[in-house]
Amino acid sequence: MKMSHSPQSTSERAIAKRPYRMSARAGAAAATRERLLTVAWAEFSTRPYEEVRLTEIAEQAEVTVQTLHLRFGSKERLFTAAYSSWGLPVIAAREEAPVGDVVGAVANLFDRYEAHGEAVLRLLSQEERIPAVAEMTEAGRLYHRAWVEKTFAPLLDGLRGKALRRRSAAIVLATDVLAWKVLRHDIGLTRAEAELAMIEIVDPSRAEVGGRR
């Protein structure tokens with residue numbers, strides 16, 4: 001005899017399918033967001049802010065402009081989200097710099113600058129006219145200062161007041177992306193030469209007398 005399903009069993013099957021459908025939708029939404037952020041950062045990091053078009057980002061990410069607006073609301077919010085998404089793994093990598101190891105810390109920093117320095121410099125050139133860019137680059141400066149104070153803490157040990165402020169500022173300046181630009185692009189040092197120059201500025205005790213190194 002063919003058994004018919006009760007209304008209760010049908011309802012139970014529908015309920016059982018619901019978590020799967022919700023999970024699938026959440027996965028699709030996350031994938032869409034990731035595509036949009038990846039495409040957006042590729043645009044914002046290589047083109048002037050004013051030239052970036054949301055329609056082009058949506059097209060490359062294979063979504064509608066309406067979907068983009070629903071996810072992020074505005075160009076400014078999309079930029080901020082894309083910058084933050086890019087920055088999280090960069091910060092995580094910088095946090096691996098060995099505290100107190102000047103050579104290792106500078107090598108870690110150069111890994112970041114060699115990979116992303118051009119994009120950061122491009123953003124810095126736009127911060128005076130684009131508030132959203134200025135907000136993110138200022139956050140980057142604050143992070144860099146905190147990173148210096150933590151990573152090079154042994155070089156600051158024992159200093160107080162104005163002396164501490166000067167020494168900390170000097171290391172911030174020496175390890176800034178603009179210092180990397182001067183060493184690598186303006187002067188044209190090799191990476192090894194540029195790293196050594198930065199190391200010697202950060203810790204003058206490592207500079208060899210007579211410049212034979």
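The values are calculated or read from the model by the stated rules, or taken from the named source; none is laboratory data. Keep in mind the model is a prediction, meaning the values are calculated, not measured. For neighbour counting, all protein chains shown are included, and Cβ atoms are generated from backbone atoms with ideal geometry for every residue, glycine included.
Select, from A153, A139, A163, A179, the only residue that is within 16 Å of the chain's Cα centre (by Cα) and not assigned by TED's automatic domain parsing to the domain that holds W41.
On the way: A153 fails: within 16 Å of the chain's Cα centre (by Cα); A163 fails: within 16 Å of the chain's Cα centre (by Cα); A179 fails: within 16 Å of the chain's Cα centre (by Cα).
Of A153, A139, A163, A179, the one residue that is within 16 Å of the chain's Cα centre (by Cα) and not assigned by TED's automatic domain parsing to the domain that holds W41 is A139.
Here are some conditions: (1) over 16 Å from the mean Cα position of the chain (by Cα); (2) buried (at least 18 other Cβ atoms within 10 Å of the Cβ); (3) more than 17 Å from T38 (Cα to Cα); (4) not aliphatic (A, V, I, L, M). F110 meets all but one. Which one does it not meet?
Unmet for F110, out of (1) over 16 Å from the mean Cα position of the chain (by Cα); (2) buried (at least 18 other Cβ atoms within 10 Å of the Cβ); (3) more than 17 Å from T38 (Cα to Cα); (4) not aliphatic (A, V, I, L, M): (1).
Could you list, in sequence order, all residues of the stretch 125-152 that are closer than 21 Å to A92 by Cβ, surrounded by 12 or more Cβ atoms within 10 Å (Cβ to Cβ) and of a type outside the set (D, E, K, R)?
If the condition is that a residue be closer than 21 Å to A92 by Cβ, surrounded by 12 or more Cβ atoms within 10 Å (Cβ to Cβ) and of a type outside the set (D, E, K, R), then M136, T137, A139, G140, Y143, H144, W147, V148, T151, F152 are the ones that fit.
Name the residue, out of L183, L164, L189, L196, that is part of a loop (DSSP other than H, G, I, E, B) and at negative phi.
L189
What do you reckon, is E96 at negative phi, in a loop (DSSP other than H, G, I, E, B) and modelled with pLDDT of 95 or more?
Details: at negative phi: yes; in a loop (DSSP other than H, G, I, E, B): yes; modelled with pLDDT of 95 or more: yes.
So E96 fits the description; yes.
Those residues that are over 17 Å from P131 (Cα atoms), more than 17 Å from the chain's Cα centre (by Cα) and not in a helix (DSSP H, G or I), I need them from the stretch 27-75; list them, please.
R53, A61, E62, V63, T64
For the subset of the stretch 76-101 comprising residues that are among the β-branched types (V, I, T) and under 26 Å from E51 (Cβ atoms), which member is farthest from the chain's Cα centre (by Cα)? Outline the logic, then answer.
Just the residues of the stretch 76-101 that are among the β-branched types (V, I, T), to begin with: 80, 90-91, 99.
Going one step further and asking which of them are under 26 Å from E51 (Cβ atoms), we end up with 80, 90.
Numbers: T80: 11, V90: 5 Å.
Result: T80.
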